[in-house]
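Report on the following structure.
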Amino acid sequence: MLKNKIAVITGAGAGIGEATARIFDREGIEGIAIVDYNYEAACRVAESLGEKAMAVKCDISKNDQVEAAAQQILERFGRVDILVNNAGITRDGMFHKMSVDQWTQVINTNLNGTFYWCHALINQMRDRGYGRIINISSASVRGIVGQTNYAATKAAMEGFTNSLAKEVAAKGITVNCVAPGATKTAMYDAVPEKVYNAMIESNPMKRLGKPEEIGEVIAFVASERASYLNGQWILVNGGK
């Protein structure tokens, strides 16, 4: 249960982030910030959750926007107990054709964005002696053709998580990674049919994951039931 807790979820306007927000609502969250670059999507989700939710527009690749968004959330709720770093982008391409811009966009969003949000909220967690940080990594850390940039950010997130978890554990804060495998979100709508079918065929369950299935794991890690879980990388991919 997540009663009496305040949560921030980035990339919560759709997909895994939205599904997680709705599960948090079901689990009794006291307040929740729906953070997304797409403000209309954030508003849609926040409005559906009622007065406990607020929509926040933020490009997480820009530290000044993250700091402003964090301040806005703290002014509304007074504190943040749970941070879910879910927002991320892909800019796929074979490495020999990948542009510097494709590389830096993904690094700045997926990796730097996680750092910015943790940095913006960690001190108030330390001051209160409580916090749950869940970073959304990916099964892509094992390597996927055309995703050297994306895989690099998600692998780096694991080392970041392990190090930060050791630093803040004594302050009552846990830091963990949840790493989804292929999950049925809008990110996969552009995948060619042949590739999509091959992904399903290679999975022991013969299907992609559902956003709600990832959200349930995130909710567990955010809860008191996972109070001794720290510095872990949890793979949720149907056993692939």
Subject >> Distance between modelled label sites at residue 39 and residue 104, nm, 7 Å Cα→Cβ extension >> reply: 2.6
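Any idea what the alpha-carbon Rg over 2.2 N^0.38 Å comes to for the chain?
Numbers: Rg = 17.0 Å, N = 240, 2.2 N^0.38 = 17.7 Å.
Computed over Cα atoms of the chain, the ratio equals 0.96.
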Subject >> Listed residues 197, 38, 162, most fluctuating in the chain (Gaussian network, C-alpha, under 10 Å) >> reply: 197
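Report, in deg cm²/dmol and to the nearest 500, the calculated mean residue ellipticity at 222 nm for the chain, where each DSSP H run with n ≥ 4 adds -39500 (n - 2.57) and the sum is divided by the residue count.
On the way: 8 runs with 104 residues, N = 240.
That comes out to -13500 deg cm²/dmol.
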**OP:** Have a look at 130, 228, 39 and tell me which one the Gaussian network model of the chain (Cα, springs below 10 Å) gives the largest fluctuation.
**Re:** 228
Original post:
How much length, in nm to one decimal, is gained on full extension between residue 206 and residue 79, taken as 0.36 nm per residue of separation minus their Cα-Cα distance?
Top reply: 41.5 nm
Original post:
Measuring from label point to label point, each 7 Å out along Cα→Cβ, what is the residue 225 to residue 198 span in nm?
Top reply: 3.7
Original post:
Which helices pass in the chain if a helix is a full DSSP H run, must span at least 27 angstrom along its long axis by Cα, and must have mean Kyte-Doolittle hydropathy not below -0.5?
Top reply: 148-168
**OP:** Find the accessible area per residue for the chain; the probe is 1.4 Å, ligands and nucleic acids are left out, and the unit is Å².
**Re:** 47
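With an 8 Å cut-off on Cα pairs and a minimum separation of 6 or more residues, tell me the relative contact order of segment 139-187 in percent. Display every interim value, and only then the final one.
Details: 29 pairs, mean separation 16.8, N = 49.
Computed value for segment 139-187: 34 percent relative contact order.
Suppose every K and R has +1 on its Cβ and every D and E has -1 on its Cβ; what is the size of the dipole of the chain about the Cα centre, in Debye to the nearest 20? Before the final figure, lay out each step's value.
Details: 26 positive and 25 negative charges, 110 e Å.
For this selection, approximately 520 debye.
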Subject >> Dipole axis of the chain (+1 Lys, Arg; -1 Asp, Glu on Cβ), positive-most option in 6, 153, 28 >> reply: 153
Subject >> Greater than 31 Å apart at Cα, pairs in 52/171; 52/240; 57/240; 171/206; 52/184 >> reply: 52/240; 57/240; 171/206
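For residue 213 and residue 142, calculate 0.36 nm times their separation in residues minus their Cα-Cα distance, and state this gained length in nm to one decimal. Mind dumping the intermediate values first?
Numbers: separation 71, 0.36 × 71 = 25.56 nm, distance 2.10 nm.
Contour length minus the Cα-Cα distance gives 23.5 nm.
For the chain, with all protein chains present and a 1.4 Å probe, just round the carbon and sulfur fraction of the accessible area to a whole percent. Before the final figure, lay out each step's value.
Details: 5990 of 11310 Å².
Its accessible area is 53 percent carbon and sulfur atoms.
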Subject >> Under 5 Å, built H, 5+ apart or other chain: amide partners of residue 135 >> reply: 85, 176, 177, 178
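The values are calculated or read from the model by the stated rules, or taken from the named source; none is laboratory data. None of these values were measured; they are calculated from a predicted model. All Cβ positions, even for glycine, are placed from backbone atoms using ideal geometry, and neighbour counts span all protein chains on display. Side chains are part of the model used for accessible areas, which takes the heavy atoms of the whole protein and leaves out ligands, DNA and RNA. Shrake-Rupley method; radii C 1.70, N 1.55, O 1.52, S 1.80 Å.
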